Amino acid sequence: MAVLGVAILSACRTAPAASQPAPVAGFVTDTKAFDAFIGTHPTAAQFHAAYPDVLLVMPNTATTMEIRMNNSRYFPQFDADGRITGGRFQ
(Lines give C-alpha, C1' and ligand atoms only; values in the text may rest on other atoms or scores of the structure.)
Protein backbone atom coordinates (compact mmCIF):
# COMPACT_ATOMS: atom_id res chain seq x y z
CA MET A 1 0.00 0.00 0.00
CA ALA A 2 2.84 2.39 0.84
CA VAL A 3 4.42 1.75 -2.56
CA LEU A 4 1.14 2.60 -4.25
CA GLY A 5 0.92 5.86 -2.30
CA VAL A 6 4.44 6.84 -3.34
CA ALA A 7 3.66 6.01 -6.96
CA ILE A 8 0.52 8.13 -6.89
CA LEU A 9 2.32 11.06 -5.27
CA SER A 10 5.20 10.90 -7.73
CA ALA A 11 2.71 10.99 -10.61
CA CYS A 12 1.27 14.23 -9.21
CA ARG A 13 4.60 16.06 -9.26
CA THR A 14 4.87 18.80 -11.80
CA ALA A 15 7.82 19.09 -14.11
CA PRO A 16 10.49 21.44 -12.79
CA ALA A 17 10.49 24.90 -14.28
CA ALA A 18 13.10 25.62 -16.90
CA SER A 19 16.22 26.55 -15.02
CA GLN A 20 17.15 30.18 -15.24
CA PRO A 21 20.83 31.01 -15.60
CA ALA A 22 22.47 32.29 -12.45
CA PRO A 23 22.62 36.10 -12.38
CA VAL A 24 25.96 37.56 -13.41
CA ALA A 25 27.21 39.96 -10.76
CA GLY A 26 28.96 43.13 -11.84
CA PHE A 27 29.45 44.36 -15.36
CA VAL A 28 29.94 42.25 -18.48
CA THR A 29 33.44 40.80 -18.73
CA ASP A 30 32.66 37.58 -20.61
CA THR A 31 31.45 39.05 -23.89
CA LYS A 32 31.21 35.63 -25.53
CA ALA A 33 28.71 34.44 -22.91
CA PHE A 34 26.88 37.77 -23.11
CA ASP A 35 26.56 37.52 -26.90
CA ALA A 36 25.25 33.96 -26.53
CA PHE A 37 22.67 35.23 -24.04
CA ILE A 38 21.58 38.03 -26.39
CA GLY A 39 21.31 35.38 -29.12
CA THR A 40 18.44 33.82 -27.17
CA HIS A 41 16.47 37.06 -27.77
CA PRO A 42 15.64 37.72 -24.11
CA THR A 43 12.96 40.06 -22.87
CA ALA A 44 13.94 43.10 -20.82
CA ALA A 45 12.86 41.23 -17.67
CA GLN A 46 15.07 38.27 -18.56
CA PHE A 47 17.96 40.65 -19.21
CA HIS A 48 17.50 42.28 -15.79
CA ALA A 49 17.36 38.85 -14.13
CA ALA A 50 20.53 37.63 -15.84
CA TYR A 51 22.56 40.87 -15.66
CA PRO A 52 21.15 42.84 -12.71
CA ASP A 53 24.12 45.22 -12.48
CA VAL A 54 24.07 46.24 -16.16
CA LEU A 55 21.89 49.23 -17.00
CA LEU A 56 19.54 48.36 -19.85
CA VAL A 57 18.88 51.69 -21.56
CA MET A 58 15.39 51.45 -23.02
CA PRO A 59 14.28 53.51 -26.04
CA ASN A 60 13.46 57.14 -25.26
CA THR A 61 15.38 57.01 -21.98
CA ALA A 62 17.49 60.08 -21.31
CA THR A 63 21.11 59.27 -20.52
CA THR A 64 24.33 61.18 -20.08
CA MET A 65 26.75 61.40 -22.99
CA GLU A 66 29.84 59.89 -21.37
CA ILE A 67 31.31 56.79 -22.92
CA ARG A 68 31.66 53.95 -20.43
CA MET A 69 34.35 51.42 -21.25
CA ASN A 70 33.34 48.94 -18.53
CA ASN A 71 30.32 47.35 -20.26
CA SER A 72 27.95 48.68 -17.62
CA ARG A 73 25.36 50.27 -19.90
CA TYR A 74 23.69 48.41 -22.78
CA PHE A 75 21.61 50.05 -25.51
CA PRO A 76 19.44 47.23 -26.94
CA GLN A 77 17.74 46.77 -30.28
CA PHE A 78 14.31 45.13 -30.15
CA ASP A 79 12.26 43.06 -32.56
CA ALA A 80 8.53 43.55 -33.15
CA ASP A 81 7.75 41.31 -30.16
CA GLY A 82 9.83 43.43 -27.78
CA ARG A 83 12.68 40.94 -27.49
CA ILE A 84 16.31 42.04 -27.52
CA THR A 85 18.00 41.11 -30.80
CA GLY A 86 21.24 43.02 -30.43
CA GLY A 87 22.62 46.31 -29.25
CA ARG A 88 25.79 47.96 -28.06
CA PHE A 89 27.62 48.98 -24.93
CA GLN A 90 28.30 52.67 -24.56
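Count, please, the residues in region 63-74 that happen to be buried (at least 16 other Cβ atoms within 10 Å of the Cβ) and either over 14 Å from the mean Cα position of the chain (by Cα) or of a type in the set (S, T, N, Q) (or both).
Total satisfying the criteria: 2.
Applying the selection to region 32-90, what residues are farther than 18 Å from P21 by Cβ and of a type in the set (G, A, S)?
A62, S72, A80, G82, G86, G87
With the requirement that a residue be closer than 17 Å to D35 by Cα and either hydrophobic (A, V, I, L, M, F, W, C) or in contact with a Leu (Cβ under 7 Å, 6 or more places away or on another chain) (or both), what does region 70-90 give you?
S72, R73, Y74, F75, P76, F78, I84, F89
Test of understanding: among F78, F89, which residue is closer than 20 Å to V24 by Cα, at pLDDT 95 or above and buried (at least 16 other Cβ atoms within 10 Å of the Cβ)? Outline the logic, then answer.
Numbers: F78 fails: closer than 20 Å to V24 by Cα.
It is F89.
Please verify whether T14 is among the polar types (S, T, N, Q), at pLDDT below 95 and out of contact with any Lys or Arg (no Cβ under 9 Å at 6 or more places or on another chain), treating the condition exactly as stated.
Details: among the polar types (S, T, N, Q): yes; at pLDDT below 95: yes; out of contact with any Lys or Arg (no Cβ under 9 Å at 6 or more places or on another chain): yes.
Judged against the criteria, T14 is a match.
Can you tell me which residues in region 43-90 are among the basic types (K, R) and assigned to a loop (DSSP other than H, G, I, E, B)?
R68, R83, listed by residue number.
Can you tell me which residues in region 26-79 are charged (D, E, K, R) and farther than 12 Å from Q90 by Cα? Walk me through it before giving the result.
First, the residues of region 26-79 that are charged (D, E, K, R): 30, 32, 35, 53, 66, 68, 73, 79.
Correct list: D30, K32, D35, D53, D79.
Examine region 31-40 for a residue that is part of a loop (DSSP other than H, G, I, E, B) and at pLDDT 90 or above, and state whether such a residue exists.
Checked against the condition, which is being part of a loop (DSSP other than H, G, I, E, B) and at pLDDT 90 or above, region 31-40 yields at least one hit.
The values are calculated or read from the model by the stated rules, or taken from the named source; none is laboratory data. As the structure is a prediction and not an experimental result, all values here were calculated from the model. Note: ideal-geometry Cβ built from the backbone for every residue, glycine included; neighbour counts use all protein chains shown.
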